[in-house]
Amino acid sequence: MRVRTALTRTARFAYAFGIVVAFGCSSASAQASQQGDPGDVQIRAEKGDANAQYSLGLMYGRGEGVPKDFAKAIDWYIKAAEQGHALAQFNLGLIYKHGAGVPKDPAKAVEWYTKAAEQGNVQAQSSLGFMYQNGEGVPKSSVRAVKWFTKAAEQGDTRLCLTDRLYGF
């Protein structure tokens, strides 16, 4: 029972943390706002700069320097993610997992989380672990869940320290 309670708290934290990151309340958002005038960021984004595209997604997600517009945020995240931008890929995973501005699609969430996780994004690795643990968008797999939780923990994700206890290691 204690494990279930701890897992529930961890899952709630991961959900709240993830939604905040998806729409720009993070250090990445602070970087986006420090990149200058939204018009300059837009020009760079339109020229194909993946970092600017990601930053513009954050800005539209928060309404920071531009009107808040989740559809535009998602469009810019997709452009950055298709160029391999791991944070944009992670944010798209969150967006599809929770149905933030799009219909919920756990399989699509897993697809984006996997792309980001394979590049070493610790948040995507943790999220992917939860997807496998809960069987969301993928068949339930304790082995794969532990694999992704372990990768995240090896990078210092201390929120998952209880993973060893969950699986009896």
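Any read-out appearing in this document is the output of simple, stated calculations on the displayed coordinates, not a laboratory observation. The model shown is predicted, which means the values in this text are computed figures rather than measured ones. Here the Cβ positions follow ideal geometry from the backbone for every residue, glycine too, while neighbour counts run over all protein chains shown.
If I ask for residues that are part of a helix (DSSP H, G or I) and either on the phi > 0 side of the Ramachandran plot or surrounded by fewer than 24 Cβ atoms within 10 Å (Cβ to Cβ) (or both), which ones from segment 53-67 would you list?
Correct list: Arg62 only.
Considering only segment 70-84, state which residues are of a type outside the set (D, E, K, R) and either buried (at least 24 other Cβ atoms within 10 Å of the Cβ) or part of a helix (DSSP H, G or I) (or both). Step through it out loud before you land on a result.
Of the residues in segment 70-84, the ones of a type outside the set (D, E, K, R) are 70-71, 73-74, 76-78, 80-81, 83-84.
The answer is Phe70, Ala71, Ala73, Ile74, Trp76, Tyr77, Ile78, Ala80, Ala81.
How about segment 127-155: which of its residues are farther than 21 Å from Ile95 by Cα, of a type in the set (A, V, I, L, M, F, W, C) and surrounded by 14 or more Cβ atoms within 10 Å (Cβ to Cβ)?
Val146, Ala153
Please specify each residue of segment 85-101 satisfying the condition of being surrounded by 15 or more Cβ atoms within 10 Å (Cβ to Cβ) and either in a loop (DSSP other than H, G, I, E, B) or aliphatic (A, V, I, L, M) (or both). Show your work before the answer.
From segment 85-101, those surrounded by 15 or more Cβ atoms within 10 Å (Cβ to Cβ) are 85-98, 100-101; that's our starting set.
Residues satisfying the conditions are His85, Ala86, Leu87, Ala88, Leu92, Leu94, Ile95, Ala100, Gly101.
Which residues, taken from segment 40-52, are surrounded by fewer than 21 Cβ atoms within 10 Å (Cβ to Cβ), part of a helix (DSSP H, G or I) and not charged (D, E, K, R)? Can you show your working first?
Applying the first criterion (surrounded by fewer than 21 Cβ atoms within 10 Å (Cβ to Cβ)) to segment 40-52 yields 40, 42-44, 46-51.
Add one more test, that the residue is part of a helix (DSSP H, G or I), and what stays is 40, 42-44, 46, 50-51.
Across segment 40-52, the qualifying residues are Gln42, Ile43, Ala50, Asn51.
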